[in-house]
Amino acid sequence: REKAEREAREKAEREAREKAEREAREKAEREAREKAEREAREKAEREAREKAEREAREKAAAEKSTGKKKKEGFFSKLMGGLKKTRDTLFGGLFVENGEKIDDEFYEELEEAMIISDMGMATTEKLLGQLRSKLRSEGVHTRTEAKQVMISLLADCMRPEDGFLDGVNKAVILVVGVNGVGKTTSIGKLAAMYKADGRSVMLAAGDTFRAAAAEQLTIWAERAGVPIVKHGEGADPAAVVFDAIASFKAKNCDILICDTAGRLHNKKNLMTELAKIRKVIGRELPDVPVEVLLVLDATTGQNAIAQAKVFGENCGLTGVVLTKLDGTAKGGVSVAVKDELGLPVRFVGVGEGIDDLQPFDADDFAKALLG
């Protein structure tokens, strides 16, 4: 019996020992496997993170390079667009031979500024600032004076804030008289924001002019954005109302509304515009609204009169200045900002879809004076 008990004890001890060893091995193997898997995961995550960061850096560098090239390309177009103003009016004033500043210089500069449609009030203000600054800084040559004038012009035109900076959703109501390039500008704005990664919707609110909706539809297709439209003669406010409903349903970022090409002396059309503005305010009370007036640069001082009347009826927030490539009246952009307090938000210098770009006061001033 003792032998049997001893053997049973030994067997039990052996089995217990083997079980403990087996469990220890399994635990060690499991821990090793888990460690290997964890390290593999961490390595994979680290490599994925590093790859993503590298790709993000490369993308940012590429975008910076592309953006720089695009900006340089547009600046070249701006230089070309303002060539007529620059060469015709300012070309002989700021010579490179260090010619001295005298009364004749100020008289010639005043004449050039007025002819370029900067307006008398703005011209006198800027000339006063120029005289004061040249005296205080001891500037005696026209070459140096040009740089001072560029700085003064840029300061005069520079907006107080960026357009739609920090805004996730917005409505852009575009107004203007017939023939200024309003519908075309809307198409170009849509393309620009779409390329920026924003979801854009258009509202064909010009139901007054035949084929206006069809023209805007073509631009919507080119830009790759949806459009809401009714038939010719429909109530523009109803078009905008339906567009807002679709804008909400599709959770779009930017709604751009076209309007009839109103002559600024037609009161009933101005009343209609106020009605559209009211619909937007009621349906989208928390969404910022920008009201952009499209002005044809070739109209010169008449643009100021247009801006005053439109401002009284719909609360303008900015200006789109088109057709700068065909005029010697580029100075009107300075007058719009200085006399009316309306910042130029975008400028157009050609027919291409990317020939409308955000306004840069420094670039504009350089392009205007050379």
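Each value in this text was obtained by applying a stated rule to the coordinates, not by laboratory testing. For clarity, every value in this text was computed on a predicted model and none was experimentally measured. Positions of Cβ are generated from backbone atoms using ideal geometry, with glycine treated the same way; all protein chains shown enter the neighbour counts.
Quick notes on this one:
- Stokes-Einstein translational diffusion, the range 91-218 - Kirkwood Rh over all Cα pairs, 1.567 mPa s, 4 °C, in µm²/s: 69
- Highest average packing first - 106-118, 2-14, Cβ atoms within 10 Å: 106-118, 2-14
- Between Q147 and K3, the distance separating the two model label sites (each 7 Å from Cα on the Cα→Cβ line) works out to 11.6 nm.
- The ranking of D258, D206 from fewest to most other beta carbons within 10 Å of each one's beta carbon is D206, D258.
- Estimated 222 nm signal from helices in the chain, with DSSP H stretches of n ≥ 4 weighted -39500 (n - 2.57), rounded to 500: -20000 deg cm²/dmol
- In a reduced charge model with +1 at each Lys and Arg Cβ and -1 at each Asp and Glu Cβ, the chain shows a dipole moment near 1220 debye about its Cα centre.
- Helix axis angle, 212-223 relative to the chain longest principal axis, alpha carbon, degrees: 40
- Values of log10 I(q)/I(0), in the order q = 0.11, 0.14, 0.19 Å⁻¹, for the range 170-361 under a Debye, Cα-only, solvent-free model: -0.43, -0.72, -1.38
- The residues L127, L292, when put in order of fewest to most other Cβ atoms within 10 Å, stand as L127, L292.
- Largest to smallest principal axis extent of the C-alpha atoms in the range 270-325, angstrom: 38, 21, 13
- Footprinting exposure proxy for T271, T207, T85 (fewest neighbouring C-beta atoms within 10 Å first): T271, T207, T85
- Length gained when the stretch D87-D102 is fully extended (0.36 nm per residue, less Cα-Cα span): 3.3 nm
- Couplings 3J(HN,Hα) for the range 48-54, derived from phi with the Karplus relation 6.51 cos²θ - 1.76 cosθ + 1.60 (θ = phi - 60°), are 5, 5, 5, 5, 4, 5, 5 Hz, where x marks Gly and Pro.
- With the simple model of a label 7 Å out from the Cα in the direction of the Cβ, S136 to A238 spans 6.0 nm.
- Evaluating 6.51 cos²θ - 1.76 cosθ + 1.60 at θ = phi - 60° for every residue in the range 25-39, the Karplus couplings come out as 4, 5, 5, 4, 5, 5, 5, 5, 5, 4, 5, 5, 5, 5, 5 Hz, glycine and proline recorded as x.
- Residues I115 and T217, FRET efficiency given R0 of 51 Å [Cβ-Cβ distance, rounded to 0.05]: 0.80
- The value for the chain of Rg(Cα) / (2.2 N^0.38 Å) is 1.59.
- A Förster radius of 35 Å combined with the Cβ-Cβ distance from E47 to E23 puts the calculated FRET efficiency at roughly 0.50.
- Part-to-part distance (alpha-carbon centres) for the range 201-254 and the range 304-354, which is given in Å: 24
- Three-way shape call for the range 85-157 based on the alpha-carbon gyration tensor, with the a/c threshold at 1.5: oblate
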